[in-house]
Each structure stands twice: as structure tokens, then as C-alpha cells.
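Step one of this worksheet: look at the structure below.
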Amino acid sequence: MSHAASGEGIGQPIRRREDMRLITGKGQFSDDMNLPGQTYAVFLRAPHAHARIGAIDTAAALKMPGVLAVLTGKDLLADGLKPIPHTPLLAHPAEIIPENTDGTPVFTAPHYPLATDKVRFVGEAVAIVVATSIAAAKDGAEAIAIDYEPLPAVTDTVAAAAPDAPQLWDQHSNVALDARLGDAAATAAAFKRAAHVVKFKTWVQRITGVPMEPRAALSEYDPQTKRYMLHAGSGGAVRLKNDLATVLGVPSDDVRVLMYDVGGNFGTRGMIYPEFAAVAWAARRVGKPVKWLCERHEAFLCDYQGRDLAVEAELALDRDGTFLAMRGSNIGNAGAHTTNFSPLQKGVEIASSIYRMPAADFRARAVLSNTAPTRPYRSAGRPEVMYVMERLIDLACRDFGFDRVEIRRRNLIAPSELPYTNPFGMTYDSGHYREVMDRALKEGDWDGFPARRAEARARGKYRGIAVANYVDTATGQPRERTDITIRRDGVIDVVIGTVSNGQGHETTFAQCINEWFAVPVDKVNIITHDTDIVKVGGGTHSGRGMRLASYVMKIASDEIVEKGKRIAAHLLQAKPAEIDFTDGHFRVTGSNRSVGLFEVAAAALDQSDLPGELRGPLTATCDKVVKEAAFPYGAHVCEVEIDPVMGNVEIVKYTTVDDVGRAVNPMIIHGQTHGGIAQGVGQALLEHCAYNAADGQLMSGSFMDYAMPRADDFPFFDTFISEVPMPSHPLGIRPAGEGGTCPALAVTVNAIVDALADLGVRHVEMPATPERIWRAINGKKDVSIAKAEG
Amino acid sequence: MPVVTMTVNGEARSAEVEGRTLLVEFLRNHLGLTGTHVGCDTTQCGCCTVHVNGVAIKSCTALAVALDGAAVTTIEGLAQNGKLHPMQEAFREHHALQCGFCTPGMIMSAIDMVRRNGHALDERTVRKQLEGNICRCTGYHNIVTAVQAGAAAMKGQ
Amino acid sequence: MYAFDYHQPKSVDEAAQMLGAKPEPKLLAGGMSLLPTLKLRLAQYTDLVDLSAIDSIKGIERDGDALVIGAMTRHVEVATSDTVKRAIPALTTLAGGIGDPLVRNRGTMGGSIANADPAADYPSAVLGLGATVITDKRQIAGDDFFKGLFETALEPGEIVMAVRYPVPLQAAYIKYPNPASRFALVGVFVARTAAGVRVAVTGAGPCVFRLTDAEALLAKNFSAAALENFTVKPDGLNADIHATAEYRAHAVAVMLKRAVAAAGGNT
């Protein structure tokens, strides 16, 4: 096979094609785009966490030099703009859909691009000012006078769920969803007969995505064609186009979305933002292109945020450590709008992880609060519940004397038990869970740890180790489409509805095409950037980029080969059944007669003697709804060293084994694992979107106060790939982007607690800051935990 | 408005700017050199790093008018005659970028690190000296490897 | 940023004249704090007077029993200066730990002390060494220079030209960084000088301050052992999302002990 010869096919760690432009400064990020005559937008944002909007006086602002327009929520309603079409729960066929226990519909509130009646979090956009420069637009924004009637605010997750909490929406309580999953009776019975019960109460703190490229948008309206153009990076072009059309109240074909390089996503950039719609609308209103750049301090206020889950959980065990049941309550803080509850949904449905759990009973609530809206952030919902499960296990070991490895081995689902339906109803398809954990323990030198601990202790340091398993249900938008065309000039065009936010699709998708057609990857043209070309596609999220792209590309490629064989049969005067396709050539079996792929494509265009159905471009489309979920899984081992005087944690060793089914480009997968670990460890040790409970102000509004992981926070990681093919995927591929993060919270905190076990420390909340650790060591109350408990 | 002139990537470039125009705005908006990025507003992320008179600085925290007459090198000016700078080559070879947004600043910062610390950079030095550059994609693992490799490769330059 | 007029005087006199003539002027040194403040529109000035072209206030000089550092000397120059390292290695450490390498390439000593950020490093050296701030109008003792949160003894229009740091017998600076900003959550500068022992603390309070009770203990016995039972009271210390006053008090005591050890205190 030529792909083997050229070394570019599936499984090869080839260098990325996109890098050449990115390392030479020729990338095209959103803020790099400009249009002649463009104007500049600035948003005026709410200074209050909760306030009724009274009179807005824009007269002075409109008089400022250079100001072209000042638009408010009132103007937006008058122009008939619609709310952002959020779908808070995932309707993927493999998902468990939580419903309100009282039978009422799940509450969804209208989220307009500009606040209309009230502001509900600090930083919510209230007005858009368009001017001839950014400075002039800022001058205009400062000149707007608004009468606010401040209202009591609530930011804390548990407090927001209380019946007497300040209510954000007049039409519904803050609890937008209150569901119960599992089997309450079976769970109660199991707890009754349990030899041991361990309890855990925690708050998985709110953090934010912080893609390094701040959001930006450039929009133009063409009054001749009545079309809007929006250039803005997102997780998917087609979804952004459709959502933008909905908000603007126009047919979706009247919107064109463009995006080239996108500087990170991690979920928080995954869907339309209010500002994108407001900028497009403003472009029509002022009759000129409008450009907006989100400054970093704004991003902290109003980018969608992630996590924020309050948990109370219990695990029931038999005398020998066999899990009998788990139960508890998860409250997800949705923020001020009913944007997305899928982290809650995706978390609770796999709260039992890959352990055999006969019964479970969980209450799942989504609550509204006076904070920025939340949505999926790297591995949405799963790192939270993996953290809870793995903490429960380690607490059980500590309280009842079980060995941390043996108890996991005992309860991990065996391959012979798969497919396995967990107590919430999710069915895991495949995996060698125990084998992967054992490999992680070996690579992480678990057995050699006691000596390292003793050596550290001699230096006055406390060393700890932990292992954590995980499973990640990948679903997301189930529909994806590709159009593949073999061009006569030796190039293959692949139109596809995903967008790379740094994952390297131009390289890895081309590697798949290389595998099947033996065409150099440089001759594969991956087209994702323009919705006038890409008509269908779900974007990049939920581990669906490679998983679904390879799925539909494989089917379309097979169709092209079949079609090509029939054309080649004509050209070679043989029967289609006699034609083989190997090495980019169609050959008559057992002969040396052959014709190349691109010659066949040319013949299909040129030769009039071909049957009608074979004439025309050599192309195929696959538009498919993939109903199966995917289940990547793995195990991480983390080793930490703690300075007991100040409480500082150093990650000294971090080992991962992640099963990706089949690795298309191992280099890229290792890279994604590295980044995922850093995001998980960042949550465990550093990051926190801190709101002042009294007034709802964000206290972590810049890199001065939001602790971003830096290079000196980590060691080199030891990452290993396992490849147990996923049965429901034609290539066996499991997603690989979220494994780094999924168990990282759990394994880091468990390692910290293990290090401090001799000092009597039972738990440290996240972020496990030096002060928190110091307090735990010295038996001082964790003030922040008390706050989280409400 | 004052006119500033700088030698940018070896070419004399002039533009009329306001007193408040930042170097990064001069480069991006006036000269169209959009490889230098802005990732924060508190002088921390390092996405905007360029070399001014051979020294790396954060171009978001320098006034253009204050640098009249300076020699500036941006990411666009590193490759010579179509040949990548060894640090660029190292970033590509070691997969030290994913989304690529922090990358120009990382590369400019890494080259300055070599100027300050020499070609044999140990892991700890690299990690410590990258304090002024933030990446969200890579966990820094491959960046550290690339900087070490790039530093060694620069020795032959 | 709000609009302003930019000026680049060539001498201190010229700069002083500009400061006197403009309605709302502000001196620009390295700009590492001022420019971000302006970018966020947290301050507004009619004129910025940039000191970067004034050569007379740059440079490092050993002058008898003191080290004189010009206000416009950049952190990188102090951090890499052999003169500094020979005279006051604690200043080498301090300057080499400010911000990050790119900030150190541009930020200046004079800018840092005039700004008087409560978490900045340099103020602890000025106070901890009992340095003298030399302005275009007078000399100000380190003990009298820092007045409060972002507040100094400088009068409107007064320009810091240099700081004269007495060369101590022993000194060290230990910084415990804020995990987000990397400014000092707590920084302790300790020095044993001919005039006695001085301990200055930054990051922990609204303004850099001396720890006189520790100084008294160390005056008798300059060693970490002398501080074995020494604690700091949290009253009046900073509390924020990064640390409580209680933890800062603990950190001050720990960093002080580490600083004394680093300074080569008797053990």
C-alpha cells in the first residue's frame, strides 16, 4: 500500500500541515479579518448581578464624535429579533433524557442578544455602540445613562436552589430541571443491607475555558441580496449559521458564516454568542461592516463558563468491598440563562463510571443563578462525576481498610460483561478496563512508590499517589455529512461540517483519505470554513470531530471506489467485479491493466461513451445520523509532593493510558492528552471563577486573579495509548480529546489526600490551593467549603 | 498625529499614529502584520511578543510612538529566504502547537530565552522562563521539548 | 485608552517643565503597570511624559558603601549586573523574579517604586535596605517614601532619578508568588546592615511595611533559630480570593525564616 510507503496513513505520527502558516504568522484568526469601511462595536455591560432595567438615555452617547449607532434591547425587540435557540438537554438517541419528576416541562428562558427587561449577571450585554473606531465606541458606551433598580442576587449553586433564593425569572423558580434517575427502591434496599456506607459532599468549582484567542466577529449585510455575512470562530460553522438566522429571523440561507483558524474552543466557544447576533444586526442597522473584538476582561465576564456542580453522594459496599449501590444529588449551576444542562445530564448518567454498580438513585437539578451562563467545558460533566466516584472509592478504602487498587480491580466491569448497562441506563459497548488500569499502574511505577515516599519524607516532603479510572460518553450532534470529490488535477476535495479549533483536522482527516486513496495528504483539501459550501455539519464537540468525520468519509470513500470500479471497468473493458482498487489504482484482477484514480475522475468528466449515471464529477456524499454513543476510557496515575509548611503541591509524575480505539495520528493524540491533563490539573489546583456571594461581582476577572496553568506547574507527562477498537465505529475509533481531562481532577485530589493521610487529612476541596492544604494539615476550617455548602 | 518610523522585519515602515497607539496595534492595524496576537489586557499571556532592537517585549504594553526608530522583528520576519528559523522548525517538528494562537509569541519568547541563557537549556529553566507566555492547548509538554530542541539547533546558526 | 499627548524629553529638567505645564500629566517609565491601567480606562491623563530617552537616570553604579541604581534602569539590567551581584545579591534575586522575562526586559526600578503597588517587589528592597530615593527635588528616606496603597511621598511633578541602596552585610529576598498574577502574595526582604537589621514585607498589607518585632529578635541573633517561635498577627493584612490574612501572616513568618537562612544567617 502506498500509504505505508509514504508513511502518511492512519496510525502515522506525521507532522501537521496547518503548522506552516501558524508558525510563520500567516494564520487567519477572527480578529485578523478586516473589510473596507468597517466600523467598530463595543458592548456596554451590566455592572449589577441582578437589576431591573429602567430608562436608558442614549442621547449623549449618540453625540460623541464617531458614534454611528447605539442599540439596546428595546431596539432589538422592535426589530423582531428572536432569542438564542438553546437546547439545554442533549436529544442524542443514546442519551438518557432527564425529566422533571413533577411532570412539568423543563424551563427554558428567552436569551436575547441584549438584555431587555433585567440584567441577570455582571457583564451581560445591555447595549451595543457602533463607531468609527474602538476608542470612539468606548467613549459612546461611557456616555450611556441607565437607570437600574438593583435586586438581590444569588451566585452560589446550593443557595440558588433554595425556595427563598432571589428569583431570576418571574415565570419560574430557579430550579429549571429537577429529575431523578435510577431505581430508588433497589438502591434503598442495597443501602439497607450494606456493610459499609461512605459519604462525600463537594463542590466542583466553576472554571472557564480561556481559549487563547479571544472571541471576535466581523459582519456585513448586503442589502441587495439581503444576506448577512459573519466571520467568527466557533465550534461549528453550520450550527452558528442556523442559530444566527434564527435570532435574526431570516431563512438560514440568508446567512453566511466564515471561519478559518480558531484559537481554541474547549466547549466554551461551542455555540453562538449574544454578541455575534448583535454585531450582525448592527451591521444591517448602520449599513457598514461592523467588527467586534472581545477583550480578555470581557471574556472572563461573559464567555460561557464551565463545571459548577454541587454534589452529595454515597456509596454502599459489601463487607468485601463489592459496590452495592450509589445515591446522591447533583446540582448544576446553569448561570443566568437556560443555556445548557448537558454537563448535568452527561455527568449523572455515568456517575457509576466503569464499575459494576447494581443500583443507583440520583437527583439531578439545574439551577439558575446570577452568574455567566455555563455550558460544556472539556469533557462536560464527566470529570465532575469521575471525581466524585473516585473520591468515594478512596474514602471507602481509608475508612474501611480496603486496598485502593484491589477494590478497583474487584469492581471494574470485565470484558465478558460487556456490553454493560449501568444503573442509569447507559450501555457501555467495549473495553479492557482492568488491563488498562494495570498498565497505568505499571507505567506509573505504583509498586516503587513506597521507596519514593520514604525518600521524600526524609527531605521533609509528603508524597502521595493515586490511580483513577474514567469513561467518557461521547454523543453530541449525531448528524454529520461529507462531500468528497476526486478532481482531475490530482486533488481530493473533502467538504465536511466540523471545524478545527486546534485539533489538526487538515492533517488527520487527510490521513484517512490517504489511507483509502493513497493520495499524498498535501493533495487533500479539507473544506470546513464557509457555510456557502458546507451545508450540513455538527461542528467539533463531544469527541465527534474525527469520530463522525471518519465515519462519513469512509462511507463516501467506499462509494467513490465502487463508482470508480464501474468506470474503470468500462475503460479497461472488464467487469466491475474484476476490478480491484489498491494503491490509488483500479486494476483488472490478475493482469497488469490498470488506470489511476484521477484518470478515472477525468474520464468521468470527459468521456461521453460512459453510461449516464457514471458521467460527471467523481463524487460521493454521505449524510448520516450516527445513533451510537462512543466510550473512550482509561486510567491515570498521579504522584504529588507537598511542602507541609506552606502547602504547595508539585506534580512530580503523571502517567496516562487512554483507549482511543484506533489512533489516526498518535502525535496529535498525545498532544491532546497533554493539554487535557493540564486543564484537569488546572481545575484541581489553580482555577476558579470566583463570584462575590454578597453582590455577585466576579472577583477573578483577569489573568491577575484567574490562575492559569503555566509551564512551571507541570512535569513532562508519560502518556500511553491503548487501542481496543470500538465495535460500533467502522474504523474502531473512539474519541481522544477528553481523556486527558476526564480523570485528572480525581487523580490529582486523591494523590494530594494520599500524601497527607498521615497528617490526618481526609479531603481537600478544589482548587486545592496551598492555603487549603495548609488549613487541612493544621486542622483549620476551610472557609471556602463552608461557603459552598451554603 | 505623530508619524513613527521603524525598521520592521528589515524594512523601513512608517505610519501616522495616535499617542495611545500600542506597538501591537501599529503592527497589526497599520502594517497588516497580523501574526502578532493579542490574548489579554494585563500583560500576561505573551501572545503579542516581538523583538525590539533584539530584545523580546510584549508589544501590547509599549507605545508605538515611543519606539520611533526601533528595529522590530515579528513572527513574519523570522524565516529567511523561505527557510524557517530553527525555533519555528522545532515547534513544528515537536508538535508544540495546537490552535496556534499563542505560538508566535511562544516562538519569539523562546528565541529571546536562548539569547539570555544560551543553547543548552534544561527543562527547569525553560519552564521557569516561559512564565510570561500562556498556552491553553498543549499542557506545555511539547513546547518545552521544542524550545530545548530549537535552542540546540540555533547553535549552528 | 483615552487619548493623550505623548512627550519624550531628553533631560530631567525638560521632563519637569512638561509636568509643570500640562493639565493632567503622568510620567511613563517602563509602562508595565501604567499602560495596562490606561488600556482598561482605569485612569485618564492629558499627557504622558516618557522618561525612556533620559540617559542620566539609567545605569548601575557602586558608590562607596552604596549601590546607586538609576530610575530608568530595567529589571533585566539589575538582574544580570555583576556590580549588583557583588554588592547586593538579594537585589539580583529580586529583580530576576519580577513579572516574567519579557516584563523584566522593559519594566524599570523607578516605575516600580513610584507606582507603589502593594504586591510589587522593589518597595521591599527600598524599605528593607533603608535606601534613599533621590528625586529631582530632594532625597527621601526609604522609611518615609511609601505612604499607602499606590501612594508615595512624591509630590506632583516630582521625578525619581535614582535610588541609593546601602550595601548590607547580609541580605536576602524571598517571594511567595500569587499563583495567578505571579506578583508577591508575600515577599520578605531581610537585611543586616551597619545600621542594624531591617525586615520589610510586601504583598501582605496595603503597603510595604517593616516587621519591627522580628528586627529586634534578629538584631540580637541574626539566625532563623532566633525566629523559631516568631509568629505574625493577621490583623490588618490583606485578604482576597488568593489567601486569607491568616495564611499571609503564616507566609510572612515562613518567608522571613527562609530569607534569613538564605542571607546566610547563623544557624
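The values are calculated or read from the model by the stated rules, or taken from the named source; none is laboratory data. Since this is a predicted model, take the numbers as computed values, not measurements. Every residue, glycine among them, receives a Cβ derived from its backbone with ideal geometry; neighbour counts consider all protein chains shown. Surface areas here come from the heavy atoms of the whole protein model, side chains and all, with no ligands, DNA or RNA. Shrake-Rupley method; radii C 1.70, N 1.55, O 1.52, S 1.80 Å.
Protein chains only, probe 1.4 Å: how do A:H763, A:H337 rank by accessible area, largest first?
On the way: A:H763 50, A:H337 5 Å².
From most accessible down to least: A:H763, A:H337.
For each pair in A:K26/B:K155; A:K554/A:K624; C:K85/C:K257, compute the distance between the two Cα atoms and list the pairs where it is over 19 Å.
Working: A:K26/B:K155 26 Å; A:K554/A:K624 12 Å; C:K85/C:K257 22 Å.
Over 19 Å apart, Cα to Cα: A:K26/B:K155; C:K85/C:K257.
How much accessible area per residue does chain A have, in Å², with a 1.4 Å probe?
Working: 25450 Å² over 790 residues.
I get 32 Å² per residue for this part.
Using a 1.4 Å probe on protein heavy atoms, which residues of segment A:638-681 have at least 10 Å² less accessible area in the complex than alone?
For segment A:638-681, once contacts with the other chains are taken into account, A:D643, A:V645, A:M646, A:N648, A:M667, A:I668, A:G671, A:Q672, A:H674, A:G675, A:A678, A:Q679 lose 10 Å² or more.
Reachable lysines from A:K575, Cα under 21 Å, same-chain residues fewer than 8 places away excluded?
A:K563, A:K565
Excluding residues fewer than 8 places away in the same chain, name every one of the lysines whose C-alpha is closer than 16 Å to that of B:K58.
Filter leaves C:K39.
Working from the pairwise distances between different alpha carbons, so that the mean of 1/r is found and then inverted, what is segment A:1-96's Kirkwood radius in Å?
Numbers: mean 1/r = 0.0486 Å⁻¹.
One decimal place: 20.6 Å for the Kirkwood radius.
Run the helix sum for chain C: -39,500 (n - 2.57) per DSSP H stretch of 4+ residues, divided by residue count, reported at 222 nm to the nearest 500 deg cm²/dmol.
Working: 11 runs with 83 residues, N = 267.
Value at 222 nm, helices only: -8000 deg cm²/dmol.
Let me make sure I get this right: for chain C, a, b and c are the square roots of the gyration tensor eigenvalues over alpha carbons, sorted descending. Under 1.5 in a/c it's rounded, otherwise prolate if a/b > b/c, else oblate. Which is it? It would help to have the intermediate numbers written out before the result.
Numbers: a/c = 2.06, a/b = 1.51, b/c = 1.36.
The shape class here is prolate.
Counting helices only, and only those DSSP H runs with n ≥ 4, report the 222 nm mean residue ellipticity of chain A as the sum of -39,500 (n - 2.57) divided by its residues, in deg cm²/dmol to the nearest 500. The partial results should precede the final answer.
Working: 22 runs with 227 residues, N = 790.
Helix-only estimate at 222 nm: -8500 deg cm²/dmol.
First compute the accessible area of chain A with a 1.4 Å probe, then give the percent of it belonging to carbon and sulfur atoms.
On the way: 12830 of 25450 Å².
C and S atoms contribute 50 percent here.
For the pairing of chain C with chain B, what total accessible surface becomes buried, with a 1.4 angstrom probe, in square angstrom to the nearest 100? Display every interim value, and only then the final one.
Numbers: alone 12300 and 8060 Å², together 18240 Å².
Approximately 2100 Å², summed over both chains.
Could you give the C-alpha radius of gyration of the protein assembly as shown expressed as a fraction of 2.2 N^0.38 Å, taking N as the number of residues it contains? Mind dumping the intermediate values first?
Details: Rg = 31.0 Å, N = 1214, 2.2 N^0.38 = 32.7 Å.
Against the empirical 2.2 N^0.38 Å value, I get 0.95 for the protein assembly as shown.
Under the definition of Cα pairs under 8 Å and six or more residues apart, what whole-number percent is the relative contact order of segment A:54-185? Kindly include the intermediate steps, with their values, before the conclusion.
Details: 154 pairs, mean separation 49.2, N = 132.
It rounds to 37 percent for segment A:54-185.
Of all the accessible heavy-atom surface of segment C:172-244, with the other protein chains kept in place and a 1.4 Å probe, what percent is carbon and sulfur? Please list the in-between numbers first.
Details: 1600 of 2920 Å².
So the carbon and sulfur contribution to the accessible surface is 55 percent.
Give me the accessible area buried between chains A and B, both sides summed, with a 1.4 Å probe, in Å² rounded to the nearest 100.
Details: alone 28360 and 8060 Å², together 32260 Å².
For chain A against chain B, roughly 4200 Å² becomes buried.
What pairs in A:K118/A:K288; A:K201/A:K781; A:K442/A:K653; A:K288/A:K535 have C-alpha atoms more than 19 Å from each other?
Details: A:K118/A:K288 30 Å; A:K201/A:K781 15 Å; A:K442/A:K653 13 Å; A:K288/A:K535 27 Å.
Where the Cα-Cα span goes over 19 Å, the pairs concerned are A:K118/A:K288; A:K288/A:K535.
So what's the gap between the Cα centers of segment C:170-249 and segment C:71-121, to the nearest angstrom?
First find each Cα centre; the distance between them is then 19 Å.
With every protein chain kept in place and ligands, DNA and RNA left out, what is the accessible area per residue of segment B:86-154? Probe 1.4 Å, answer in Å². Don't skip to the end; give the middle numbers.
Working: 1750 Å² over 69 residues.
Accessible area per residue, segment B:86-154: 25 Å².
Please state the relative contact order of chain A as a whole percent: Cα pairs under 8 Å, 6+ residues apart? Could the numbers behind the result be given before it?
Details: 1981 pairs, mean separation 127.7, N = 790.
Relative CO of chain A lands at 16 percent.
Which parts of segment A:12-26, residue by residue, lose 30 Å² or more of accessible area when the rest of the protein chains are there, as against the chain isolated (1.4 Å probe)?
A:R15, A:R16, A:D19, A:M20, A:L22, A:I23, A:T24, A:G25
Out of all Cα-Cα pairs in segment C:135-236, roughly what percent, to the nearest whole number, are more than 18 Å apart? Mind showing how you got there, number by number?
Numbers: 2940 of 5151 pairs.
Here the tail beyond 18 Å accounts for 57 percent of pairs.
Picking from A:Y470, A:I651, A:T673, whose Cα lies most toward the positive end of the charge dipole for chain A (charges on Cβ: Lys, Arg +1; Asp, Glu -1)?
With unit charges placed on the Cβ atoms, the residue in question is A:Y470.
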